[in-house]
Amino acid sequence: MKALILVGGFGTRLRPLTFTMPKPLVDFGNKPMILHQIEALKAAGVTEVVLAINQQQPEVMLNFVKEYEKKLEIKITFSQETEPLGTAGPLALARDKLIDESGQPFFVLNSDVICEYPLLEMIKFHKTNNAEVSIMVTKVDDPSKYGVVVTEEATARVESFVEKPKHFVGNKINAGIYLLNPSVLDRIELRRTSIEKEIFPKIASEKKLYAMVLPGFWMDIGQPKDYITGQRMYLNSLREKSSQELATGDNIIGNVVVDESAVIGKGCLIGPDVVVGAGCVIDSGVRLFGCTVMRGVRVKEHACVSNSIVGWDSTVGKWARVVNVTVLGKGGHVADAEVYNSGALI
Ligand code: GDD
Ligand code: MG
């Protein structure tokens, strides 16, 4: 089976992290975002993943692919746009890569969502319903920033699909995970076009679009606040599935992941909901909660980081406070005793 991951866009909402790293390679839970997806695809029997890219920094992506093709034993190829083709155009561009002799359906994934990826169940769902397209859906409190689906109660068939609705139509939203029959490719022209606005509504009107309700947690982690919330959900699910990956000790509270190469000083209090990356040095007396501290970060004595993201190789000075959805890009520097609050970008 094959899969395509939509890896385009500029990741502006995750700046300054995305100044130095394409959004799909930004770490989440101590590994690049799309690695969570590629691992799930591999586990569901996918043998080839096409990354639909349109951005700068292709060499960073190239290095990533080289490293993980080997590690995961899966074929990863690129389909590169010369101009952004939206969320459907890239499928037309990669048409030849997606069709195989067996006529099997293929997966398409948005690259900035995190969940448990029940892909084998999705294949079953798709076959049972004899769908042309199956999409994963989930319920959220504020559906206005997503694609909303209205389904027929008894059958899971989608009656209508409305992208970013202005008025309330329902709270079941598109989770950004699709299974498509190859016939869908005949519906997509090679131009900038939106799968949510132009393709799904048409297929829904022909009664061939089905929605599977995603069990477990789900989050679009393309914005700092949602990234932090998504991390809490992800760590919670790790607790349920494989709690041996979580740190333990007197100085640990709740769900915390600490890379084995990180050094934690005396008298720190870490957690809940914290991820500490490889090679980090956390000095004594530091307080961390609800935050990510990425690879190579140094947090000096008695500093406090909460509800924030500290990008690779940054330094947080002694007694400094980085709080309230602050994001430090790669190599960010917070001086001793300095305070960053409320969405500061460094
Ligand atoms: N290759 C390529 N080219 N990829 C693109 C392009 C493009 O021109 N534009 C966007 N993408 C990729 C993004 O990287 C992301 O993985 C995916 O397409 C969706 O784009 P977003 O910009 O993240 O869209 P969104 O979050 O506003 O809405 C989408 O996701 C929601 C779920 O998170 C829609 O699919 C909604 O219906 C959905 O509810
Ligand atoms: Mg998104």
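The values are calculated or read from the model by the stated rules, or taken from the named source; none is laboratory data. Just so you know, these numbers come straight off a predicted model, no measurement behind them. Here the Cβ positions follow ideal geometry from the backbone for every residue, glycine too, while neighbour counts run over all protein chains shown.
Here are a few things to note about the model shown:
- Residue list for the stretch 320-337, restricted to those being surrounded by 16 or more Cβ atoms within 10 Å (Cβ to Cβ) and either over 26 Å from the mean Cα position of the chain (by Cα) or in contact (Cβ under 8 Å) with a residue 60 or more places away in the chain (or both): A320, R321, V325, V327, L328, G329, K330, G332, V334
- Neighbours by Cβ (under 6 Å, 6+ apart or cross-chain): first from the stretch 8-21, under 12 Å from V310 (Cα atoms); second modelled with pLDDT of 90 or more: P16/G329; L17/V26; L17/G311; L17/G329
- Residue in the stretch 44-54 that is of a type outside the set (K, R), assigned to a loop (DSSP other than H, G, I, E, B), within 13 Å of ligand 1 (Cβ to nearest atom) and touching a residue at least 60 places away in the same chain (Cβ under 8 Å) present: no
- Of all the residues in the stretch 186-201, those that are of a type outside the set (S, T, N, Q) and either touching a strand residue (DSSP E or B) at 6+ places or on another chain (Cβ under 9 Å) or modelled with pLDDT under 95 (or both) number 6.
- Pairing each residue of the stretch 218-231 that is farther than 15 Å from G176 by Cα and without any contact (Cβ under 8 Å) to a residue 40 or more places away in the chain with any residue that is acidic (D, E) and near ligand 1 (Cβ under 9 Å from one of its atoms), provided the two are 6+ apart or on different chains, yields C-beta distances under 7 Å for D226/D220.
- Only one of the listed residues (V310, V263, V256) is hydrophobic (A, V, I, L, M, F, W, C), surrounded by 23 or more Cβ atoms within 10 Å (Cβ to Cβ) and touching a strand residue (DSSP E or B) at 6+ places or on another chain (Cβ under 9 Å). That residue is V310.
- Flag for P201 being more than 23 Å from D96 (Cα to Cα) and assigned to a loop (DSSP other than H, G, I, E, B): no
- Within the stretch 243-259, the set of residues being out of contact with any helix residue (DSSP H, G or I) (no Cβ under 9 Å at 6 or more places or on another chain) and not in a loop (DSSP other than H, G, I, E, B) comprises S243, Q244, I252, V258.
- Count of residues meeting criterion [within 16 Å of ligand 2 (Cβ to nearest atom), closer than 19 Å to F107 by Cα and not β-branched (V, I, T)] in the stretch 145-184: 5
- A single member of K208, K202, K197 is within 16 Å of ligand 2 (Cβ to nearest atom), surrounded by fewer than 20 Cβ atoms within 10 Å (Cβ to Cβ), more than 25 Å from V26 (Cα to Cα) and not hydroxyl-bearing (S, T, Y), and it is K197.
- Top-ranked residue in the stretch 161-187 [being buried (at least 16 other Cβ atoms within 10 Å of the Cβ) and β-branched (V, I, T); ranked as farthest from the chain's Cα centre (by Cα)]: V184
- Applying the criterion of being part of a strand (DSSP E or B) and β-branched (V, I, T) to the residues of the stretch 163-184, the residue that is nearest to ligand 1 (Cβ to nearest atom) is I173.
- All positions within the stretch 13-30 that are modelled with pLDDT under 90, within 12 Å of V327 (Cβ to Cβ) and out of contact with any Pro (no Cβ under 9 Å at 6 or more places or on another chain): T18, F19
- Pick from the stretch 124-157, criterion small (G, A, S) and in a loop (DSSP other than H, G, I, E, B), ranking: modelled with the highest pLDDT: A131
- The number of residues in the stretch 79-93 being more than 9 Å from ligand 1 (Cβ to nearest atom) and either at pLDDT below 95 or assigned to a loop (DSSP other than H, G, I, E, B) (or both) comes to 2.
- Any chance F106 is at pLDDT 95 or above, more than 15 Å from ligand 2 (Cβ to nearest atom) and either surrounded by 21 or more Cβ atoms within 10 Å (Cβ to Cβ) or on the phi > 0 side of the Ramachandran plot (or both): yes
- Figure legend. Inter-residue proximity from the stretch 112-138: first residues over 15 Å from T155 (Cα atoms), second residues hydroxyl-bearing (S, T, Y) and assigned to a helix (DSSP H, G or I), beta-carbon distance below 7 Å, spacing 6+ or different chains. Indicated pairs: I114/Y234; E116/S237.
- Verdict on S160 being within 14 Å of ligand 1 (Cβ to nearest atom), in a helix (DSSP H, G or I) and not aliphatic (A, V, I, L, M): no
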